[in-house]
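The block underneath contains the structure these notes are about, expressed in structure tokens.
The values are calculated or read from the model by the stated rules, or taken from the named source; none is laboratory data. Since this is a predicted model, take the numbers as computed values, not measurements. Reconstructed Cβ throughout: ideal geometry from the backbone, glycine too, with neighbour counts over all protein chains shown. Remember, those area values only see protein heavy atoms, side chains included, never the ligands or the DNA or RNA. Shrake-Rupley method; radii C 1.70, N 1.55, O 1.52, S 1.80 Å.
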Amino acid sequence: MRSILTKVLINAFSIWIATLVIPAVSVGSGSLGHRVLSLVVVGALFGLINTFIKPVVKLFTLPLYALSLGLISFVVNAVMLKIVEWLSGKIGITFDAGPFFWSTIGAALVITFVSLILNLLVPDGDVG
């Protein structure tokens, strides 16, 4: 349980950093508490999408991974962000990943690198 919570918080923090770095990306509106809750919900949705949908997308784009030497992963991450944007809108959470190409890919890059660094620095509670 601690591992899941840690990953959700890392996702939420990474998305928050993306909102600071990429002007077109935004999460939540209103009070600070509402924005923090929105970040946590979006972080959880992003984790769920990356767990269940991303592997299927990666399977179907496997030839593109080989041809682009893995650079297509940034586009796949951007598509995952757009899916999270759509889902969050369906449950009433304000999340805008920006216009598809450059803003969303920029946000995907920021989220990927911030998550990578935080996952290396923060223990997730897994033993063994």
Answer in debye to the nearest 20: the dipole magnitude of the chain about its Cα centre, from +1 Lys/Arg and -1 Asp/Glu charges placed on Cβ, is 120 debye
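Hey, what's the stretch 1-76 come to in accessible area per residue, 1.4 Å probe, Å²?
Per-residue value: 61 Å².
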Quote the accessible area belonging to Ser29 in square angstrom, nearest 10, computed with a 1.4 Å probe and with ligands, DNA and RNA left uncounted. 60 Å²
Gain on full stretching of the segment that runs from Ser26 to Lys58 - 0.36 nm per residue minus C-alpha separation: 8.9 nm
Value of [θ]222 nm, deg cm²/dmol, for the chain, DSSP H segments ≥ 4, -39500 (n - 2.57) each, nearest 500: -24000 deg cm²/dmol
Tell me, what % of the accessible area of the chain is carbon and sulfur with a 1.4 angstrom probe? 76 percent
